[in-house]
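Shown next, in structure tokens, is the structure this report addresses.
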Amino acid sequence: MNRSRFARRHLWMALVLAAAGTAPLLAGAGSGDDDRASASLDDNDGRVQRGREIVPPGVILNLKGKQRGLVWLGSYIVNTTGCVDCHTHPSYSPGGDPFQGQPERVNAEQYMSGGRMFGPAITAPNLTPDNAGRPAGLTRDEFVQTLRTGHNPHDPAGQILQVMPWPAVGKMSTRDLHAMYEYLRALPSLPDNPHPGP
């Protein structure tokens, strides 16, 4: 993909995320919903149903001990807001790039294992669970903190995430961020993408 098309897609993604931040994905879910963030979700919510439907083929989720409603809502958020564009490299399997007029087929083999490079110094990280089941090695609170502040607590003080649209993502409700985390927690653990690139 050429850089200008990628930049347009990234801008579109930021606009979608900004809109999501001002219009909560769940009725009654606002920024002050910490106490209800893990409450069960209504299976009749269209986003929950759609999230279940759009898990990429070939991605096998581990639902044991997970809050399924949050997993499906997280799938909806992750798979509709551009997370895959940066955290899956390449985004599509050979012959499955919709931008080339091909039937879409997300790259399940490297799904969310990182690897998209932005210049020589920035590579999108692997968001699949580590050996302890923590996406990107972060606890849920650390994940929320990272997306709200742009600072990964495992990085040196003062280091701020670049490229990642955390100013938009961080405006999502706590429930939405918890849902993203729960979905990422359900993914198969993969090593860092062995073939990073632009």
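Scanning segment 83-92 for residues that are in a loop (DSSP other than H, G, I, E, B), farther than 20 Å from P198 by Cβ, touching a helix residue (DSSP H, G or I) at 6+ places or on another chain (Cβ under 7 Å) and modelled with pLDDT of 95 or more turns up nothing. Evaluated against (1) more than 21 Å from I160 (Cβ to Cβ); (2) out of contact with any Asp or Glu (no Cβ under 7 Å at 6 or more places or on another chain); (3) not in a loop (DSSP other than H, G, I, E, B), M112 falls short on exactly one condition, (3).
If you go through segment 140-191 and keep only what is crowded, with 17+ Cβ neighbours inside 10 Å and of a type in the set (V, I, T), you end up with V144, T146, V169, T174. The number of residues in segment 58-75 that are surrounded by 14 or more Cβ atoms within 10 Å (Cβ to Cβ), in contact with a helix residue (DSSP H, G or I) (Cβ under 6 Å, 6 or more places away or on another chain) and either basic (K, R) or closer than 12 Å to Y111 by Cβ (or both) comes to 4. Return a yes/no flag: does segment 26-43 have any residue that is at pLDDT 50 or above, surrounded by 13 or more Cβ atoms within 10 Å (Cβ to Cβ), in a helix (DSSP H, G or I) and among the aliphatic types (A, V, I, L, M). No; the residues of segment 26-43 include none that is at pLDDT 50 or above, surrounded by 13 or more Cβ atoms within 10 Å (Cβ to Cβ), in a helix (DSSP H, G or I) and among the aliphatic types (A, V, I, L, M). The criterion of at least 1 residues that are within 20 Å of R68 (Cβ to Cβ) and under 13 Å from the mean Cα position of the chain (by Cα) is met by the following helices (runs of 4 or more DSSP H) wholly inside segment 122-198: 140-149, 174-186.
M117 meets the stated requirement of being of a type outside the set (D, E), touching a residue at least 12 places away in the same chain (Cβ under 8 Å) and either assigned to a strand (DSSP E or B) or farther than 25 Å from N62 by Cβ (or both).
The values are calculated or read from the model by the stated rules, or taken from the named source; none is laboratory data. Please read these numbers as outputs of a predicted model, since none were measured by experiment. Neighbour counts run over all protein chains shown; Cβ positions are idealised from the backbone, glycine included.
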